[in-house]
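The values are calculated or read from the model by the stated rules, or taken from the named source; none is laboratory data. Here the structure is a predicted model, which means the values were calculated and not measured. Neighbour counts run over all protein chains shown; Cβ positions are idealised from the backbone, glycine included.
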Amino acid sequence: MSAIDWSEVSLYLVAPARLRAGPLDELVPDLVAAGVGAIQLREKQMEAADVLRVARPILERCNEARVPFVVNDRPDIAAALEVDAVHLGTNDLPTRFARSIFDGDVGRSTHSISDIAVALNEQDPDYIAVGPVHATPTKPGRPAAGIDLIRYAARSVGIPWFAIGGIDEGNLDEVLEAGARRIVVVRAITGSPDPAAAAARLHERLVGAGPR
């Protein structure tokens, strides 16, 4: 059973250790106050020791703020840090192997209806991310899955799920209209000169959309 109520997380931030506005660890309190409900560290080009080093102060701030801290791709690093969750892609370790290494929650990426079916029927994740809604430089070479996949998830997925991929203030309405009530955001917050203000605006609109 999940240790985290992912259904209560509406705004999920995926970020590097340093944002445009400064170090992520220093920004955590303001981001959480603005409505960010989970934070994932994504540093794909770093060696494991460097990820451990930059993650520790972020984890400390997340623990203080009582918000889940997630490590991208690496259940071994997640276990070493004793974080709340690890997020895995479609080509990463199967969930059962990740759980043999790591004792926390496991999220998984999905990019198609068949990916969603595999995740739900074979992988047993605690939540899934669905997308990318739009093509995004954070996933080079990954074509957009489009808004129809969000509509499918809204009809068919019974566990907590998050729309992901190029979502920002300019296109959030179409994602909400398609049925999403939880989103993963990267650049709309990490690239902002005032990330807490950007997060607050997104969170306000998510809350205003009401339940589904």
Picked from segment 1-28 (must be under 17 Å from R61 (Cα atoms) and of a type in the set (D, E, K, R)), the residue farthest from the chain's Cα centre (by Cα) is E26
Test: residue in segment 142-163 that is under 17 Å from Y12 (Cβ atoms), among the polar types (S, T, N, Q) and out of contact with any Leu (no Cβ under 8 Å at 6 or more places or on another chain)
no
Across segment 56-80, the tally of residues that are closer than 29 Å to I116 by Cβ and either in contact (Cβ under 8 Å) with a residue 60 or more places away in the chain or assigned to a helix (DSSP H, G or I) (or both) stands at 7
Restricting attention to segment 67-91, the residues that are closer than 17 Å to M46 by Cα and either of a type in the set (V, I, T) or at pLDDT below 95 (or both) number exactly 4
A careful count of residues in segment 116-138 that are among the hydrophobic types (A, V, I, L, M, F, W, C) and crowded, with 19+ Cβ neighbours inside 10 Å gives 6
Residue pairs within 8 Å by beta carbon, gap of at least six or interchain, first lying in segment 28-52 and surrounded by 15 or more Cβ atoms within 10 Å (Cβ to Cβ) and at pLDDT below 95, second not in a loop (DSSP other than H, G, I, E, B) and not aliphatic (A, V, I, L, M), listed first then second, are none
(request) Report yes if some residue within segment 4-11 is in a helix (DSSP H, G or I), touching a helix residue (DSSP H, G or I) at 6+ places or on another chain (Cβ under 6 Å) and not charged (D, E, K, R); otherwise report no. (result) no
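Would you check if F102 is of a type in the set (A, V, I, L, M, F, W, C) and more than 20 Å from L27 (Cα to Cα)?
Yes: the conditions hold for F102.
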If we keep only residues of segment 1-16 that are touching a Lys or Arg at 6+ places or on another chain (Cβ under 9 Å) and among the small types (G, A, S), then the residue surrounded by the most Cβ atoms within 10 Å (Cβ to Cβ) is A15
Item to complete: Answer yes or no as to whether V133 is at pLDDT 95 or above, part of a loop (DSSP other than H, G, I, E, B), farther than 25 Å from V67 by Cα and in contact with a helix residue (DSSP H, G or I) (Cβ under 9 Å, 6 or more places away or on another chain).
Response: yes
Of those in segment 69-114 that are more than 17 Å from the chain's Cα centre (by Cα) and among the charged types (D, E, K, R), the residue farthest from D50 (Cα to Cα) is R96
Turns out the helices (runs of 4 or more DSSP H) fully within segment 140-212 with at least 2 residues that are touching a residue at least 60 places away in the same chain (Cβ under 8 Å) are 187-190, 195-208
